[in-house]
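Working notes for the structure below.
Just so it is clear, none of the values below were taken in a lab; they were calculated from the coordinates. Quick caveat: nothing in here was measured; it's all calculated off a predicted structure. Neighbour counts are summed over all protein chains in view; Cβ atoms, including those assigned to glycine, are modelled from backbone coordinates with ideal geometry.
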Amino acid sequence: MARPETIVIVGGGIAGMTAAAALAGQGFQVTLLESAREFGEIGAGVTLSPNAMKGLDFIGVCEKAASAGVEPSRQRIQHWQDGRTLVAKDRSDQRDKYGAPYVTIHRADLHDVLVGAAHDAGVDLRTKSGVVSSEGSTVTLVDGSTVTGDLIVGADGVKSVIRERFETTPPHFTGHVAWRCLVPVTPEIQDLSDFPGLIIGPGAMITRYNIRDSQAMNFVFFARQDGWNEEGWTTPVDPDEVRSIYADWCDDAQKMVAAACEQPMYKWAINARTALPNWIIDNNVTLIGDAAHAMTPFLGHGAACGIEDGVVLARALGASKTIAEGLRRYQSARHERATFIQAESNANADRMQGQNTDFFGLEGMKDEESLGLFTYDCRTVPV
Ligand SMILES: Cc1cc2nc3c(=O)[nH]c(=O)nc-3n(C[C@H](O)[C@H](O)[C@H](O)COP(=O)(O)OP(=O)(O)OC[C@H]3O[C@@H](n4cnc5c(N)ncnc54)[C@H](O)[C@@H]3O)c2cc1C
């Protein structure tokens, strides 16, 4: 078969929208099908490391996203009991060091930038287009209509319908729970905004970073919990549950808990996927983002990986004569890295939520930067 003319992307999240813009930029006709009534993202923040920002540069929106977000000049990891700084990180040098900024941003602000890029690239963007099944290179929508392309790209997240063609096993609960909220930066928490980062302790941790001109912060409280029994994966929060988990944590943690409990907060079960050995079916179906490799968030790299997937898929297909060749090149460029990050994200939870956090800062510590993830460049990596 000749180079694909039409590509159908299922799912308009961070991965799907990036891929849509990148593929249209390579000259493909792209249709993106999103189940939601409107394009958007959840009310929470996301960290975009320099490797992710290089992907946004490929679709022409790196600086737009950087100015919609915040570039922190420093971050730290604090001890849960006394709040002392275990590790301090200078982030003021990220552009010079990696050729792209390190950005913290509201997800909706990032998503707006991505929708703009896909729109400008000429993508046929369709909402209210939930896919219920797919066969060959055709997908069937919830209203019974069908859409056919030369290539189907599953970008439909951790509960992916397209992934069901690869395996029937559902996502698994990882044992981690997150309580997420956004808080306004008030004088009481100005010092936490001035020095964002993590507080780590046995079996739990808390993260905070600035968004929206540092007028607001994203807080995420993580803890390990037994089996998730709720219907669905997100529920409103009982503030007493959060207060009791962190009751004996340091003053900064108490300030965060107090500020969070005044805001709407949601509890999330962290579900993930085990690594798939193969991301290609029949040479005309593939996966990107969480649909391919949903991971725990302990390296802050799920969205980054989805962005990288979208760019590398576009470059691989753009450089190939056939779909089969392009998909092979995409998979061989991406599979090893995504699987490595998936595994290291789990390992990082064990490192950062270990029983003896005294060792942090004293021993060689592994994180997303020291693992070398920031140096990756999806714009130039061989495909
Ligand atoms: C607490 C937490 C913190 C995180 N922090 C970070 C971070 O700081 N940095 C980072 O890089 N990553 C982070 N991640 C991971 C990141 O959020 C995800 O990896 C990323 O959002 C996945 O993007 P996606 O586009 O692959 O999937 P999704 O965001 O799930 O998007 C899938 C899209 O497909 C649509 N869809 C679903 N099913 C269908 C269907 N059948 N038909 C049509 N459309 C459909 C959905 O409506 C959605 O719009 C975090 C995750 C969590 C849980």
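Brief remarks on what is shown
- When each of TYR102, TYR246 is scored by the number of other beta-carbon atoms lying within 10 Å, the sequence from fewest to most is TYR246, TYR102.
- Between helix 107-120 and the chain there is an angle of about 20 degrees, using the helix long axis and the longest principal axis of the Cα atoms.
- Look at the dipole of the chain built from charges on Cβ: of SER345, VAL285, GLY326, the Cα furthest out on the positive end belongs to GLY326.
- Residue with peak Gaussian network fluctuation, the chain [Cα springs, cutoff 10 Å], from GLY45, GLY13, GLY136: GLY136
- Exposed-site-free run, longest, the chain (rule: GluC sites (Glu not before Pro); DSSP loop; at most 15 other C-beta within 10 Å): 39-166
- Cα-centre dipole for the chain with unit charges at Cβ (Lys and Arg positive, Asp and Glu negative), debye to 20: 800 debye
- Normalised by 2.2 N^0.38 Å, where N counts its residues, the alpha-carbon radius of gyration of the stretch 172-272 equals 1.05.
- Projected over all directions and averaged, the alpha-carbon convex hull of the stretch 16-62 occupies 4.1 nm².
- Ranked THR339, THR169, criterion: other C-beta atoms within 10 Å, fewest first: THR169, THR339
- With each label modelled as a point 7 angstrom along the Cα→C-beta vector, the ALA343-GLU135 pair spans 3.8 nm.
- For the chain, the longest principal axis of the C-alpha atoms and the axis of helix 251-261 are separated by about 60°.
- The lysines whose alpha-carbon is closer than 18 Å to the alpha-carbon of LYS64, local same-chain residues fewer than 8 away aside, are LYS54.
- Two-decimal ratio, the chain, of alpha-carbon radius of gyration to 2.2 N^0.38 Å: 0.97
- The helix-only estimate of mean residue ellipticity at 222 nm for the chain, built from DSSP H runs of length n ≥ 4 each weighted as -39500 (n - 2.57), is -9500 deg cm²/dmol after division by the residue total.
- Cα gyration tensor, the stretch 16-164 - rounded (a/c under 1.5), prolate or oblate: prolate
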